[in-house]
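Notes to accompany the following structure.
Read the figures in this text as sums done on the coordinates, not as results from a lab. Keep in mind the model is a prediction, meaning the values are calculated, not measured. For neighbour counting, all protein chains shown are included, and Cβ atoms are generated from backbone atoms with ideal geometry for every residue, glycine included.
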Amino acid sequence: MFGKKTAASAVRASAPPSDAAAAALPINPYVGASAAAVLFLGAAVSLIAVAGDPRAGVPSVRIALSGQDAPTAPPGWREALTPDKPGDAPVTTDTLELFNTPLDAGAPPGEAIITLPGAAPAAGMGAAANPQALPPAPAAGLTEPGPGGPLPIIASDGRTAAQVYARPFRSNGKPKVAIVVGGLGLKAATTRQAIEQLPPEITLSFVPSADGLQGWIDLARANGHEVLLEAPMEPLDYPESDPGPYTLMANAAPQETIKKLEWLLTRATGYFGVTNYLGSRFVASDQGMAAFSTGLRQRGLAFVDDGSAVRRGGGVPRASADAIIDDQLDAAAIDKRLLGLEAAALQHGQAMGSAFAWPLTLSQVSAWAAGLQQRGYQLAPASALMIKR
């Protein structure tokens, strides 16, 4: 999306003149004043270095470097910082300054700081910035080369993506309520709003065709959110409703379903499972769902659906939504659905809702979640509600 290049400052020191050259220099009354100014500036820089970070309070993110000679940012990070409307400050060579560690006392060894003047802080890009941050992906031993990128695998020690990339959770004994917000990655403004404003316990699902997908997932995990990847599935009114490229088709041969699924899984890494996008016809297909579940099981992934596949098992960790909370895009209707989830959780011990990343939905969910604990419930990630069936 961007063709701009990172700006890196280079410090150059000119060679001092020889004694003969120095003797030949004419005496100038301004030289003494200039020298004094340089000395004063040097003293000020030293004082700042000792007293504190001169960029304190300036929005910045810390990024681990694999080598000092070629500092790099996570793939897709530019898209995750794309301005959304006229007047927003773009990321340009004038507004981005990359501080390498030898020149920056504020960065630990092996890290760089990207400072974005005028931009909102990218909260949670490291554990120091956000204690809720989840470890960066990919985890060692959980990927192999795939048709379009890293493909998840079960590690030699038995670890799976469903375990490693899920948000850790400890029950406090209260009824659990989970929310999955989907459709993320298509619009930068709502994607940022979901990542930065929703509580970290809320699970986020991303569209595999989104620009900068890995950057969005990295940012979501850095803010504490576990992540799902959306698999487009054939609906009853296909092709009038078209989920997009690599749609999983109900009557496709099993090997074709596996091939499409694996291509979708290589779009990014760091997700603990897959969720459906549409799919009313596909989830009713025994052949289609059998191949889909086999593909997930072989890759160590979970399946969380919007409620349309509640009767499906597959031998993988599973969870199904009890309700779509914003099927009516109205504040009062959304609030009523959320209260219905609380009632279901009180009755069954847990409940889960699914939603789309509409700005109204995000605002209503944020307000609802703020008082959930005081009402006697525990907000939980979707992975905490999974069972294997």
Modelled label-to-label distance, residue 186 and residue 346, 7 Å Cα→beta-carbon offset: nm? 3.5
Collect residues whose amide H, placed 1.01 Å from N in the peptide plane, falls under 5 Å from the amide H of residue 356; neighbours closer than 5 in sequence don't count. 182, 326
Exposure-ranked with fewest Cβ neighbours within 10 Å first, 348, 225 stand as 348, 225
Using a cut-off of under 12 Å, list every residue of segment 315-330 whose amide N is near the label point 7 Å from the Cα of residue 367 along the Cα-to-beta-carbon line. 330
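In terms of the Cα gyration tensor, with a ≥ b ≥ c the square roots of its eigenvalues, is segment 189-324 rounded because a/c is under 1.5, prolate because a/b exceeds b/c, or oblate?
Details: a/c = 1.64, a/b = 1.60, b/c = 1.03.
Verdict is prolate for segment 189-324.
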Calculated FRET efficiency, residue 324 and residue 388, Cβ-Cβ r, R0 35 Å, to nearest 0.05? 0.90
Once both labels are modelled 7 Å past Cα along the beta-carbon direction, what's the residue 310-residue 297 spacing in nm? 2.4
Between residue 277 and residues 5 or more places away or on another chain, which pairs have amide H atoms under 5 Å apart, with H built 1.01 Å from N, and which residues are they? 231, 233
Could you list which residues have their amide H under 5 Å from that of residue 143, counting only those 5 or more apart in sequence or on another chain, with H placed in the peptide plane? 153
Would you work out which of 193, 227, 181 lies farthest towards the positive end of the dipole of segment 143-388? Charges go on Cβ: Lys and Arg +1, Asp and Glu -1. 227
Each residue of segment 341-348 in turn: what ³J(HN,Hα) in whole Hz from Karplus with 6.51, -1.76, 1.60 and θ = phi - 60°, glycine and Pro shown as x? 5, 4, 5, 5, 5, 5, 7, 10
Calculate, for residue 156 and residue 255, the FRET efficiency according to 1/(1 + (r/R0)^6) with r their C-beta to C-beta distance and R0 30 Å; round to the nearest 0.05. 0.70
Length gained if residue 286 through residue 358 is fully extended, taking 0.36 nm per residue and subtracting the Cα-Cα distance, is 22.6 nm
Using each residue's phi in segment 157-167, evaluate 6.51 cos²θ - 1.76 cosθ + 1.60 at θ = phi - 60° and report the 3J(HN,Hα) Karplus result to the nearest Hz, with x for Gly and Pro. 8, x, 5, 10, 4, 4, 8, 6, 8, 6, 6
